[in-house]
Amino acid sequence: MKSKYEESLLDLNKIIKIEPSNTVALKNRDVTSFMVNFYKKSHIDSNKSLKIEKNNVFALRSHGATYLMMNEDEHEPNDITMPIYFGKRYLMIEKFIDSIYEFSKSLEIDPNNAYVLRLRGLAYYHLKEYNKSLADLSKSLEINPNNEFALRQRGELYYTLGMHNESIIDSNKLLKIKQNEIFALKIRGASYNKLGMCKKSLKDLNKFLKMEPKDIFALKQRSTIYYKIRRYNESLADLNKSLELDPNDIIALKLRGKVYLTVNKYKKSAADLNRTLILEPNDAVALKNRGEMYLKMNKHEKSLADLNKSLNLAPNDAIALKYRGATYLKLNEHKKSLADLNKSLELASNDTIALHSRGKCYFMMKRYKESLDDFNKSLEIDPNSACTLRMRGILYYNMREYKKSFADLNKSLKIEPNSALALRQREKIYYRIRSQISS
């Protein structure tokens with residue numbers, strides 16, 4: 001009796017006889033041949049597909065898979081090895097549940113097979129069953145501690161789980177075994193980035209990108225480092241390159257929109273953030289960044305609309321709360337502003353922008369003592385903030401502490417000499433207390 005695969009092969013043979021260049025039929029016969037162990041036939045079909053469509057991703061993957069199986073399966077599989085072979089076939093055509101089932105059968109017979117544990121760990125990883133994947137990969141490495149494939153897989157898994165120190169340890173081991181293991185350089189560079197170790201991250205990613213200059217993941221990682229260390233032109237260069245390779249990459253569009261926002265190129269920022277939100281209308285980060293952009297452009301109603309949407313999606317985002325608080329302040333809604341800024345500072349107590357905004361809100365409400373406390377704390381963290389020095393100078397003036405007001409305004413004007421507000425305020429003091437300044 002013929003299996004379902006063999007029956008399918010008969011039908012596919014008829015179709016290909018009528019339409020020899022039908023790539024869909026060739027692909028399906030390729031898969032079916034692969035499943036019934038006709039590797040040579042599968043290999044022929046993937047070759048034909050590649051002649052018709054040179055960049056056919058499926059055919060390229062299948063070509064490699066069948067070649068591997070043709071080389072490995074020199075002997076007919078027996079009762080013990082059969083599940084491994086089927087598990088591998090399922091893994092290669094991305095049928096991960098079936099793959100796990102076959103590998104599990106094999107591990108019932110031989111529970112300490114490091115190779116099968118690694119393969120099952122990989123299948124679990126693709127299904128996002130990360131704890132099971134970690135258990136299998138760790139057990140595999142207990143049996144065979146220097147297996148570079150298992151170290152690479154576990155290093156990537158640790159990165160995915162946010163266990164960056166552990167990922168670095170595995171990458172270091174891998175790089176001792178294989179000095180220029182480029183995947184280890186990429187993952188270690190990304191892990192260093194997550195831990196804020198910018199110099200080490202940059203060193204690894206630079207080395208990796210010399211060998212693989214079109215790797216989108218690495219380009220985005222390096223762009224975030226350049227952004228952190230305020231090398232904005234280099235950050236933009238990496239993101240431009242990344243978006244040439246994949247114009248609809250939402251992460252790269254968001255990042256570039258943020259960089260443009262930071263360097264006050266609002267039209268370019270708007271183009272990227274708008275594009276992001278066409279592709280993903282409920283992206284909380286893009287909404288937050290566009291809300292910040294509208295705030296800086298004094299489009300307060302638009303800012304409020306975006307920040308409201310963002311906070312509906314992520315209610316405890318301290319940055320979105322901070323900017324909505326600042327937007328309410330611009331709209332003279334002081335109670336709402338204060339509520340948002342209080343919540344933002346509960347989540348991030350040393351945010352100087354939130355402290356400045358709340359200090360200004362207290363000032364507008366004539367709660368001068370609380371305003372002064374916030375300005376003082378903000379200036380302890382960032383002593384050279386011209387806008388906070390200016391605001392504290394104005395606050396001191398309202399509190400009739402003219403010498404302190406004069407000192408803050410002078411310091412502010414050394415940093416921003418052309419601030420019309422600070423110059424006007426200082427002129428008021430000259431007229432009011434000329435005699436006190438000279439004493």
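Comparison of Leu409, Leu389, Leu395, Leu423 shows that the only residue that is crowded, with 21+ Cβ neighbours inside 10 Å and at pLDDT below 95 is Leu409. Does Ile394 count as out of contact with any Leu (no Cβ under 7 Å at 6 or more places or on another chain), aliphatic (A, V, I, L, M), within 22 Å of Gly291 (Cα to Cα) and not in a loop (DSSP other than H, G, I, E, B)? So Ile394 fails the test. Taken as a whole, the condition of being assigned to a helix (DSSP H, G or I), modelled with pLDDT of 95 or more, out of contact with any helix residue (DSSP H, G or I) (no Cβ under 6 Å at 6 or more places or on another chain) and at negative phi applies to Asn308. Residue count for segment 337-385 satisfying the condition of being in contact with a Phe, Trp or Tyr (Cβ under 6 Å, 6 or more places away or on another chain) and surrounded by 23 or more Cβ atoms within 10 Å (Cβ to Cβ): 3. Within segment 316-327, is there a residue that is closer than 26 Å to Phe217 by Cβ, touching a helix residue (DSSP H, G or I) at 6+ places or on another chain (Cβ under 8 Å) and either in a helix (DSSP H, G or I) or aliphatic (A, V, I, L, M) (or both)? Checking segment 316-327: at least one residue is closer than 26 Å to Phe217 by Cβ, touching a helix residue (DSSP H, G or I) at 6+ places or on another chain (Cβ under 8 Å) and either in a helix (DSSP H, G or I) or aliphatic (A, V, I, L, M) (or both). A single entry from Arg367, Arg400 fulfils the requirement of being at pLDDT 95 or above and basic (Lys, Arg): Arg367.
Within segment 135-182, being surrounded by fewer than 17 Cβ atoms within 10 Å (Cβ to Cβ) and aromatic (Phe, Trp, Tyr) holds for one residue alone: Phe149.
So that you can scan it fast, the table gives a plain yes or no per residue for (1) of a type in the set (D, E, K, R); (2) modelled with pLDDT of 95 or more; (3) more than 21 Å from Ala252 (Cβ to Cβ); (4) part of a helix (DSSP H, G or I):
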site: Tyr159; (1), (2), (3), (4): no, yes, no, yes
site: Lys176; (1), (2), (3), (4): yes, no, yes, yes
site: Tyr192; (1), (2), (3), (4): no, yes, no, yes
site: Asn206; (1), (2), (3), (4): no, yes, no, yes
site: Arg222; (1), (2), (3), (4): yes, yes, no, yes
site: Tyr226; (1), (2), (3), (4): no, yes, no, yes
site: Ser235; (1), (2), (3), (4): no, yes, no, yes
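Yes/no per residue for (1) within 30 Å of Gly359 (Cα to Cα); (2) of a type outside the set (Phe, Trp, Tyr); (3) surrounded by fewer than 24 Cβ atoms within 10 Å (Cβ to Cβ):
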{"position": "Asn240", "(1), (2), (3)": "no, yes, yes"}
{"position": "Arg256", "(1), (2), (3)": "no, yes, no"}
{"position": "Pro281", "(1), (2), (3)": "no, yes, yes"}
{"position": "Arg290", "(1), (2), (3)": "yes, yes, no"}
{"position": "His300", "(1), (2), (3)": "yes, yes, yes"}
{"position": "Asn308", "(1), (2), (3)": "yes, yes, yes"}
{"position": "Leu311", "(1), (2), (3)": "yes, yes, yes"}
{"position": "Pro315", "(1), (2), (3)": "yes, yes, yes"}
{"position": "Lys335", "(1), (2), (3)": "yes, yes, yes"}
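The values are calculated or read from the model by the stated rules, or taken from the named source; none is laboratory data. Predicted model only: the values in this text are computed from it and were never measured. Here the Cβ is made from the backbone with ideal geometry for all residues, glycine too, and neighbour counts use every protein chain on show.
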